[in-house]
Amino acid sequence: MKEKRLGFATRMGAIAATVGSAVGLGNIWRFPYQAGENGGGAYILVYLICVVLLGIPIMMSEFIIGSSTHKSMKGAVQQLTPGSPFKIFAYVGVLGALLICGYYCVVCGWVIEYLWASASGTLLGHSPEEYDTIFKTFVSSPDRCLLWTLLFLVLNFLVLSRGIKNGIERLSNVMMPLLFLLLIVFCVNSLLLPDSDDGMDFLFNIDFYELGWKGVVDAMGQAFMSLSLGVTCLITYSSYFKEDTRLMRDAVTISALDTLVAILAGIVIFPAVFSFDMQPNAGPDLIFNTLPTIFQQMPGGIVWAVAFFVLLFFASITSTISLSEIPVTFLIDEYKMSRGKAIAITAVLMTVISVLSALSFSTLSDVKLFDKNIFDFLDYVGPNFFMLLGGLVTAIYVGWVLKKDVIHKQLTNGGKHKSRFVQPYIIFCLRYIAPVAIVIIFLYYTGVLKYLDLF
Ligand code: PHE
């Protein structure tokens, strides 16, 4: 029954799928643009600290919940701590996943547009300024944005409902290493550009004045976004791990790979940004302006462009599949729905949110939530609020509520391995560092820190 619910052919496939979930637009689109908006080096340093002190421990806490029960969030909490109110946070996960998907699928639509333009030969041959205009014209045309977003949603739900998810995941096991190789080629190419040093300085020179509290919040939210944390996704995926999975080793490997992909994306983008005199703080447009400029100065540019956007498409769909799986699994578990019905309801909800955010730059550009258009609002509140809130709850639950022997058993694979340093590190981060850091961030949002004249 469990296998049928999620449909992994082998339990080991679940680990590959977890990497598929983590590596996506978060690494290649969001990380560079956030780093660019927050001044580069200092943001990256804070991001790395967040991965080590929050990301890996919270990933471990989700793994411990999932792999000790083989259930998704709500059932797992019921089994581990009967009657505990923590199960209501399954709702935070579902809501967070829906909101994130609602703008993520729009960016997937942009990827398809750029893939189409590359393949039809119209993408290359423009100046950097023209790429800026091309992107802005595209996102402000409601028909094209909607067309690609809806096409992406159809593909996503076809994969989920036809049970070919497994095939896509296996395919992505080939695609991911290829994407990785391609990024390395692009890195070399970018480093050979004139003035590439300025880009590397921007990326790796640490200047905290550029960062500010906004940058810290962004780096924290980005670590959660990139590692797929706080929305119960990893609880569900780890509920399919094999008994003998070494959770800590896998969490470290997944986090390291994911971070490496993000840093590589930065090394591709920023040297080019400086070399071609573009703006590092261009926001969500950044990679869509920079990449075409990079491709067109490479020999055989069209081929590189098509290959890149195809691979990025696969990296993205394995992430949206894992995001969509959160509400689907929830509806099945909570309301005993058939998988088909759960997928249909999730598809309707996601389509409504995606359509609204796809129109944020055109028809609905006047609709503002907290001074942001719908797309920007979702891109802010999904990672920086819902994921952090989910992460806070998971950290408190595993750090303070869950019995130590459950944690010990998972970390040592039932006593087979030692966890002399790992367990204290995980517990310390979950008990103190994560709650304190996330609560400070929430106080910052609500303006309490400013009110107290603290920051
Ligand atoms: N981690 C994915 C990315 O970086 C996005 C994601 C978030 C996927 C949450 C699943 C759950 O693109």
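The values are calculated or read from the model by the stated rules, or taken from the named source; none is laboratory data. Keep in mind it's a predicted model, so treat the numbers as computed, not measured. Ideal geometry is used to build each Cβ from the backbone, glycine not excepted, and the neighbour counts take in all protein chains shown. For accessibility, only protein heavy atoms count, side chains too; no ligands or nucleic acids. Shrake-Rupley method; radii C 1.70, N 1.55, O 1.52, S 1.80 Å.
Values as computed for the structure displayed
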read-out: Wholly enclosed helices (runs of 4 or more DSSP H) of segment 380-444 bearing at least 3 residues away from the ligand (no atom under 16 Å from the Cβ) and among the β-branched types (Val, Ile, Thr); value: 404-412, 422-428
read-out: Filter result for the condition that a residue is polar (S, T, N, Q) and surrounded by 21 or more Cβ atoms within 10 Å (Cβ to Cβ), over 412, 394; value: 394
read-out: Filter result for residue 123 (open to solvent by less than 70 Å² (accessible area, probe 1.4 Å) and away from the ligand (no atom under 16 Å from the Cβ)); value: yes
read-out: Selection from segment 9-48 of residues that are away from the ligand (no atom under 16 Å from the Cβ), assigned to a loop (DSSP other than H, G, I, E, B) and either at pLDDT 95 or above or more than 15 Å from residue 267 (Cβ to Cβ) (or both); value: 9, 10, 38, 39
read-out: Boolean, residue 366 is out of contact with any His (no Cβ under 8 Å at 6 or more places or on another chain) and either assigned to a helix (DSSP H, G or I) or touching a residue at least 24 places away in the same chain (Cβ under 8 Å) (or both); value: no
read-out: All helices (runs of 4 or more DSSP H) inside segment 159-273 with 3 or more residues being open to solvent by 30 Å² or more (accessible area, probe 1.4 Å), under 30 Å from residue 42 (Cβ atoms) and touching a Pro at 6+ places or on another chain (Cβ under 8 Å); value: 196-204
read-out: When residues of segment 415-435 are limited to those that are surrounded by 14 or more Cβ atoms within 10 Å (Cβ to Cβ) and free of Cβ contacts under 8 Å to residues at least 24 places away in the same chain, the one farthest from residue 389 (Cα to Cα); value: 423
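Yes or no, residue by residue, for (1) of a type outside the set (D, E, K, R); (2) more than 16 Å from the ligand (Cβ to nearest atom); (3) modelled with pLDDT of 95 or more:
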| site | (1), (2), (3) |
| --- | --- |
| 54 | yes, no, yes |
| 57 | yes, yes, yes |
| 66 | yes, no, no |
| 69 | yes, yes, no |
| 72 | yes, no, no |
| 75 | yes, yes, no |
| 104 | yes, no, yes |
| 108 | yes, no, yes |
| 115 | yes, yes, yes |
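Quick grid of which residues meet (1) touching a residue at least 60 places away in the same chain (Cβ under 8 Å); (2) open to solvent by 20 Å² or more (accessible area, probe 1.4 Å):
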position	(1), (2)
17	yes, no
39	yes, no
42	yes, no
57	yes, no
64	yes, no
99	yes, yes
116	no, yes
